[in-house]
Every structure is written in structure tokens, then in C-alpha cells.
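The structure appears below as C-alpha cells.
The values are calculated or read from the model by the stated rules, or taken from the named source; none is laboratory data. Given the structure is predicted, the values throughout are model-derived calculations rather than measurements. With ideal geometry, Cβ positions are generated from the backbone for all residues, glycine too; neighbour counts draw on all protein chains shown.
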Amino acid sequence: MRKVIVFGVDGLSMPLLQRYAQEGHLPAISRMLEGGAATELLPFISAWGDINWVTFLAGQAVGTSWTGQGMPPDNQQTRNLLGQMSNHDLRAALVHFPESVAADREHYSFAPYWGRSAPWPGELFKPMGYTTRYEARTGNKQVKKQKLGWPPTAALAYHDKGAWQPLTQREDGWQFTMQGNHGENVTVTVIGQQGKPLLRLREQTIELTPGRWSRWLTFETGGKTAQVRFFPGVFNPENNDIEILQSQVTDRQRLSPQPEEHATPFYSRWVVKASPEEDYLQATLQEAEEQSLWLAESALSLTQHKNFSLWATVHRLIDESHHNCLGQCDPASPFYSPTQAAKYDDVMRQCYQVLDRTMAKLMQEMDDDTVLMLASDHGAVPNSYMCDIYRYLARHQLVVLNDQGQPDMSRSQVYLKDERGGLEIFVNLVGREATGIVSQQEYDAVCARTLLALGSWQVQEDGVARNAVSLALLKSDAVGIGFWGPCAGDVIFAYNAGFVWGVSQDGEDICPVEVPGANHGPQKPTAATTLSNNYGALLMYGADVRPGYYRDRERLGPWNMTDPAATIAHLLGLPLDTLDGRVMHDMLLPKR
């Protein structure tokens, strides 16, 4: 039976992957490039994960398959790839894949990626760090004047963790309290014995090894059985200088009604962000690699032994490293420093090496009927300017803002929906919107004013005007980029390379970003620098894949985000009539 494993990687950049492979750092991925086929993928607007992973797996354009963040489509109604699989008695397993894809009926979902600002229901305890230097860790942080990301009320673009809590000295050692998401607390004691840290969790005592995560400890909390482990960062008891990291604690029953058979629990995130500025980067690299290998074990178990035809995931370490490092090592960034670039580049390289070791495991253990797809939803390019769309539209009398900086819908002619990615503008139309104030007769004029405003949004750079917006189209003109149907906005646009959505406390509608960073979602899908670009990536390896082939997008054009699903359907012998994508025949061996 033919099987397909989609090991999705958030933000994987083909130029960076090729460079690290050519330098000899990615032996397994080099074998994939030599023995398989590869290409870049053109993302949809917005170039962020939710919309592009949905279209990647559904095989249908954004107007059909993507309702909005966290809002799964009806597979049977749209007859997308998962619907076609159900109709032909084939099963798909989505393991830590965006919740905006429905794994219903015969399909299986484990730990759907939680893309909302609200707490993740599968988390019992947040990943956390505990320190005797709590004031030093938390008291001197620079307060940012900008929030980057969409929606503006819950911007998450910095990947900050905010993960430190106090570790307090007691007569018998030091104590910290794990504070649960549902009100339960667990007290943990750390003592020194012959210079080594011993950790006591209720009746259990373990010795911690510096620089390594401990074994998993099982404990009861809130009527549930949970597992946790710890990483000793610093242990200098004579100076009262101790820091301990604690893993995320998840609720297996909330991850899926049918937990996967693994000896260790699944966790979705780690304590320390992937950055050379962090003290315990190795803790993150260890956690991320173990999570990646956990996912590989899941893929092999479900496709090789349990009759699943398709398995898909999204691993997020590389995207985090881009957000935290690309802005300091890409010469196109205003924060680039030749003397500092190497250490940031090295962190990204190490994250790619984590991925490489996972690919080696999958390639070694999958059978001859399996196709392995290493894929990404987008890449990344450095940030230069922050854009506040609501303040800008207010300047043009298209929006009236309330005290929270949000549109007053009783007086605003246009608005944006939080769940739609921040690049679709909706007219507040009478009869369509509950708050509608724009008549049908005024509709065309409001759209025209919106397009004119977007086209004139500029910033001066070295005495030269740069447009903040690279593309703006009416919905009727945006069909060529996949926008149609009742969910799509009336005006679709994308920011220029280097421009990122956000909100500034100083009230600007456009201004330089205050800290280094890289982004993807708001910028045009074709944004590129000499180091990286915003395209997605796809490597295919295994059964019926054309060896040693690379599709040059500049000569042949890129494949689109809906094309992998059509290719999966082709490999699984499914009909293509309801899918928008095309089979990537050039990446496959011709049929005999």
C-alpha cells in the first residue's frame, strides 16, 4: 500500500537549507536532494502557517478550504483531499497539525496545533524556568513600544517566552511552585548533596545532571496522571545561584481520545527561545530534537504498521530560529552586524541539523512504498518597518477608532477580521454585516478609496520613497491568487518586503521596527534577500520520485501550495476533479 509522510516544518527556507547542505552540515537532507526531487512553493496571502498548511493539505485554494484561523472546513462538503480519502476508505493521521484542518470521520488527530492566544486546552502546566535571581531576570527588561503580529490585540511575532518564576531558599534547600493552568499547584524542592542538585517532587527524588534534561517523573494533579522533567541550568548553592528549567506538562486525554502509544509524553513547546542570547539554548535544542524524533516515531508507527495512508505534522523550531536570528545575520536587515552575524547563523544551522537527524531516521526506517515529503509553508525575510493598518485607514477617514484602537463598527466603513490573517479588508456593508453602514450604492466608491489609500502608503528610506504595500486587489480581481467565495475580503493586499504588521505606543501608522526580527505573514509571498526568501519549500524522496531533480522557479515558475495535495492524491490513486492543485509530474518518475 502506498503511504505518504508529510514532515512539515514551519518556515523552512530553501536558500538556507541549500547553503547548509552545501557546507556539509545536513548529510541526510543532502541525500534527499541527490536522490529525490525538490522545489519552492508559492505561498498564499497571508504567507503564514494557518492558511498555507490548510491549503497544502486540502488541495483547494484559500477561498474554498480556509474559513479562518482555528475554523476547520467541512471535508465532505468541499470534497478536499481528506474528504476524498474518506470516500475511498483511506485514513489520514494529523499529529500536531493546525486545528484549522478537520481530521474527522475515519481520520485521526493528535495534539492539534493551537494557534490562538487563549490557553491551550491540552496544557496542564506551562514550560517554565525557576531562578534565585528572579529580580535580575525580570526587573531590567526593556519594555517594547511596538507589538508586532496579527491580530493587533494578541500580537505574537517576538516569540518571547516570559518563563521565569522565583526559586526561594528554605531551611532544607530551595523551593519553587509549579502553577497549573487550572488552579492546581505543585511544590518542588531542590537540595544539594555532594555538590550535585537533587530534586524532590512529592515522594520522588532524582539527581539532576548539568546540561541534560532529567528522566520523566509521573505525578498526579487535579485527578489526572501527568509527566514532567527538569533541566539544571546553574547550581551554585554556596552563592545562592540556582536555575532550573521545567518542561511543559500536557494532558494526554485532551490531546486525543486515543493517545498514541509512546513511552514519553508529547509536548508542544519549550522553555527557552532559539536564540544565541539565551543562556540555555542547549535545553531548547534537546527538547526540540526529542519532539522531532517523537513525531518521526509516530509517522513510522502509523504509516508502516497501522494502515494509515497519509501522516502529516508541523515542527516549529526552525521558524522560531528565523524570527530570533535572521534579522541579525541577513545583510538586508537594518540590524545586521558583520561581527555578530556568525553566532546567529550558527543557531539557525543547529536547528536545521536537528531536522536533518530526523530525516535520517525516517529515510532509514520507511519502506519502499512510502513517499517522504519535507515541506514548509513559507520562509522569512528581515523586518524593517512596522505598519499599523487601522491607524492608517483612520487617517483616510475609512475607519473610526475606539479607545482600544479598534474600529468603532457603528462609524467605520471598512474593517479586518482577526481570524483572516490581516491582509483582507471588508466593507462594513448594509445587509451583509450586522453593523453595516455602507450602502450597496457606496460600495464601489469605498473600495476605490481603500485601494487608493493602500497605494499611497509610503516611507522615506535614504531619501527615496518606498511603498508599504506591494499589491492590492479587489476581490473580483484576486481570483488569480486564489481568493473567491463568501469568506474572502473585498480588498486583498500584501505588504512589501521588510514591512510587518503591528501597533506602536507612539501612535505612528508606519515607522522603523525597534528590535531585530524576521517575518513572513504580512509580506508579499515573493519577498527575497540574498540570504533567504518567503517561498515555501518541498523535498520529495522515496517511491516513484524523480532522483536528483530540482525545479528552477525562475525558469519554470514555482509550484503552488495546493499542488502537493493533488500530487498526494495522484500517488494514492484518488480522483483530482475537486482539487484546485496540479500534479507535480516533473517531480515524479514517468509511469511505465
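Which ones in segment 104-126 are among the hydroxyl-bearing types (Ser, Thr, Tyr) and either closer than 22 Å to THR187 by Cα or in contact with a Gly (Cβ under 9 Å, 6 or more places away or on another chain) (or both)?
Keep residues of segment 104-126 that are among the hydroxyl-bearing types (Ser, Thr, Tyr), which gives 108-109, 113, 117.
Passing the criteria: only TYR113.
The conditions of being over 19 Å from the mean Cα position of the chain (by Cα), in contact (Cβ under 8 Å) with a residue 12 or more places away in the chain and more than 30 Å from TYR443 (Cβ to Cβ) are not met by ASP490.
Among the conditions (1) within 20 Å of SER321 (Cα to Cα); (2) of a type in the set (Phe, Trp, Tyr); (3) not in a strand (DSSP E or B), PHE44 misses just one, which is (1).
When every residue of segment 389-397 is checked against the conditions, at least one turns out to be surrounded by fewer than 22 Cβ atoms within 10 Å (Cβ to Cβ), touching a residue at least 24 places away in the same chain (Cβ under 8 Å) and in a loop (DSSP other than H, G, I, E, B). Please count how many residues of segment 279-295 are under 17 Å from TYR344 (Cβ atoms) and of a type in the set (S, T, N, Q). Residues in segment 279-295 being under 17 Å from TYR344 (Cβ atoms) and of a type in the set (S, T, N, Q): 2 in total.
More than 21 Å from TRP48 (Cα to Cα), surrounded by fewer than 14 Cβ atoms within 10 Å (Cβ to Cβ) and of a type in the set (A, V, I, L, M, F, W, C): is that true of ALA434 in this structure? Working first, answer last.
Numbers: more than 21 Å from TRP48 (Cα to Cα): yes; surrounded by fewer than 14 Cβ atoms within 10 Å (Cβ to Cβ): yes; of a type in the set (A, V, I, L, M, F, W, C): yes.
Yes; evaluated as a whole, the condition is true for this residue.
Is segment 479-487 home to any residue that is in the same structural domain as HIS396 (by TED's automatic domain parsing), hydrophobic (A, V, I, L, M, F, W, C), surrounded by fewer than 20 Cβ atoms within 10 Å (Cβ to Cβ) and under 23 Å from the mean Cα position of the chain (by Cα)? Within segment 479-487 (the criterion being in the same structural domain as HIS396 (by TED's automatic domain parsing), hydrophobic (A, V, I, L, M, F, W, C), surrounded by fewer than 20 Cβ atoms within 10 Å (Cβ to Cβ) and under 23 Å from the mean Cα position of the chain (by Cα)), the answer is yes, since at least one residue qualifies.
Could you tell me whether segment 553-564 includes any residue that is surrounded by 13 or more Cβ atoms within 10 Å (Cβ to Cβ), out of contact with any strand residue (DSSP E or B) (no Cβ under 6 Å at 6 or more places or on another chain) and charged (D, E, K, R)? Yes, segment 553-564 has at least one match. Take the conditions (1) modelled with pLDDT under 95; (2) of a type in the set (Asp, Glu); (3) in contact with an Asp or Glu (Cβ under 9 Å, 6 or more places away or on another chain); ASP403 misses just one of them, which is (3).
The listed residues are ILE244, ILE206, ILE191, and the only one of them that is out of contact with any helix residue (DSSP H, G or I) (no Cβ under 8 Å at 6 or more places or on another chain), β-branched (Val, Ile, Thr), under 24 Å from TRP294 (Cβ atoms) and surrounded by fewer than 18 Cβ atoms within 10 Å (Cβ to Cβ) turns out to be ILE206.
Only one of ALA263, ALA226 is within 27 Å of SER298 (Cβ to Cβ) and buried (at least 18 other Cβ atoms within 10 Å of the Cβ). Can you tell me which?
On the way: ALA263 fails: buried (at least 18 other Cβ atoms within 10 Å of the Cβ).
None of the others qualify; the one that does is ALA226.
So, GLN328, is that one among the polar types (S, T, N, Q) and more than 23 Å from the chain's Cα centre (by Cα) or not? It is false that GLN328 is among the polar types (S, T, N, Q) and more than 23 Å from the chain's Cα centre (by Cα). Residues in segment 51-63 that are surrounded by fewer than 24 Cβ atoms within 10 Å (Cβ to Cβ) and in a helix (DSSP H, G or I): how many? Count: 1.
Note on segment 209-223: residues that are under 19 Å from GLN179 (Cβ atoms) and either surrounded by fewer than 18 Cβ atoms within 10 Å (Cβ to Cβ) or in contact with a Lys or Arg (Cβ under 7 Å, 6 or more places away or on another chain) (or both) amount to 5.
Which ones in segment 493-539 are within 30 Å of ILE5 (Cα to Cα) and among the hydrophobic types (A, V, I, L, M, F, W, C)?
Looking only at segment 493-539, we keep the residues that are within 30 Å of ILE5 (Cα to Cα), and these are 518-528, 531-539.
ALA518, ALA527, ALA528, LEU531, ALA537, LEU538, LEU539, listed by residue number.
Pairs meeting the criteria (first residue in segment 305-321 and acidic (Asp, Glu), second residue assigned to a strand (DSSP E or B), beta carbons under 7 Å, at least 6 apart or on different chains) are lacking.
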